[in-house]
Amino acid sequence: MNHWSLLAESENILWYILPIAVGVSLVYSASRYEEKESILRRAIKLFFQITIFMFVVFCVLWILSFRL
Amino acid sequence: MSDSSPEPKIDLKNPIVAALLGFLVPGGGHFYQGRTFKGVIYLVCILSLFIWGMQIGHWQLIYRYEPNKTFDFDVDSSQFEMFDENDLRRQLEELGPSRTRGRTHWGYFAQLPVGLFIIPEYIQEGRYYSPDNLPVTPESGSFDEQVSGSLEYVNDEGKEFRVPVTGQLKLSVQEGEFGREMVGSITGQSDGEEIDVRLRGDVRMDPPVGAKHYRNLRVNAIALGESEIIDGVLTAQLDRSVFNWFLVPPDHQTLEGLHADLGKKFTLAEVFTWVAGLLNVLAIWDAYAGPAYGYRMPIRKKDSSEEEESESEEEAAASESEPAKSPTENQPT
């Protein structure tokens, strides 16, 4: 079985990271600035930072658990 | 593209009122201050995260105290036939889930900043733990309600039956041979036929207020009509009104059922509500004191050098005269 197919499953709990990351990015950025453009620019940047960080963590854990 | 024009002042109006409104409804303080865009962000993001989590967790995620597993209040042991420990445990379980407060549930404090749910939960918690919220017993008086359930019985010839029953259940308290007991009947339909079941003695029914959508009922049946003697049990689930289950703290059995049904999604649902609650702290503080870093993101050096060439000296002087941070009026001290 392809291990990556686990990630592709729609029921995989990891997908719930995305809406949480969107919410956290928008709310955190909105609490930093007032201007609409600044909020959105920072939120997009933060969203990708969170997502990439979580993906790196996922990869590290996936490698560590390989053939377990 | 950001510009270097003077940063507009933000009118926070009354910051305390704004913070209070932000606690009651995410983004409420910002709508009060006229900061609609941010109000919409807070309202949509925080509320949808919270509601999504609650929906995954069957609306039973908010509780200040972990529910105790069994009854542990001062039980009057004389009311039990205490043959051995197992028998006592069985009789305690028949009393239904415990409604005593256990350990503090720390996740509650992360949900606390969302007043829209926490305030109703606080009211429901008071109703749930109220001494009046008791299972129906001879002490709680008479009972008259439409129910739907099933009747299992053995007739006087030893035949076993199990039939559905829908009808009006009436129970009242009478002095019996061994003290006060509940006596009554259920009159209604069973498989399209009229049925009249006489009930007496052992009655178990969940309290009026509880986290489940229904109350379990179990009562002994002694006769069909006036004459046919039976030995049976009527079991039914009575619907609770929304007011009697919505945001009521779950008992131990309900929580165990949720864990069994949802698995790791139960924790995920809790995390959604915790994240939403903690995010509302940021929203409340923003309503109270304004944005943390300033009106807009700082301009990059490259951008600013380009803009400086096109800006007049007057505009530059105006931008320097305005502070980069604290772009608020009525800022709390």
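The values are calculated or read from the model by the stated rules, or taken from the named source; none is laboratory data. Here the structure is a predicted model, which is why all the values come from computation and not from measurement. Note: ideal-geometry Cβ built from the backbone for every residue, glycine included; neighbour counts use all protein chains shown. For the accessible areas, the whole protein counts, side chains as well, though only heavy atoms, and no ligand, DNA or RNA atoms are used. Shrake-Rupley method; radii C 1.70, N 1.55, O 1.52, S 1.80 Å.
Tabulated data
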{"item": "Within the accessible area of region B:138-244 (1.4 Å probe), percent carbon and sulfur", "result": "46 percent"}
{"item": "Exposure rank, largest accessible area first [B:PHE178, B:PHE117; 1.4 Å]", "result": "B:PHE178, B:PHE117"}
{"item": "A:TYR28 - accessible surface, heavy atoms, 1.4 Å probe, Å² rounded to 10", "result": "60 Å²"}
{"item": "Buried solvent-accessible surface, both chains (A, B), 1.4 Å probe, Å² to nearest 100", "result": "2600 Å²"}
{"item": "20 Å Cα-Cα threshold exceeded, pairs from B:LYS69/B:LYS170; A:LYS45/B:LYS38; B:LYS69/B:LYS265; B:LYS13/B:LYS38; B:LYS9/B:LYS38", "result": "B:LYS69/B:LYS170; B:LYS69/B:LYS265"}
{"item": "Sequence of B:GLU228, A:GLU35, B:GLU160, B:GLU175 from largest to smallest accessible area, 1.4 Å probe", "result": "B:GLU160, B:GLU175, B:GLU228, A:GLU35"}
{"item": "Accessible surface ranking that places the most exposed of B:GLU226, A:GLU34 first, with a 1.4 angstrom probe", "result": "B:GLU226, A:GLU34"}
{"item": "Region A:14-64: radius of gyration over Cα atoms, expressed as a fraction of 2.2 N^0.38 Å", "result": "1.30"}
{"item": "Cβ neighbours within 10 Å from other chains - mean over B:41-51", "result": "4"}
{"item": "Shielding score for B:260-266, defined as the mean number of other chain Cβ atoms within 10 Å", "result": "1"}
{"item": "Unit charges on C-beta of K, R, D, E only; dipole of region B:138-244, Debye", "result": "580 debye"}
{"item": "Quarter of Cα convex hull surface for region B:138-244, i.e. mean projection, nm²", "result": "7.2 nm²"}
{"item": "Cα-centre dipole for region A:14-64 with unit charges at Cβ (Lys and Arg positive, Asp and Glu negative), debye to 20", "result": "60 debye"}
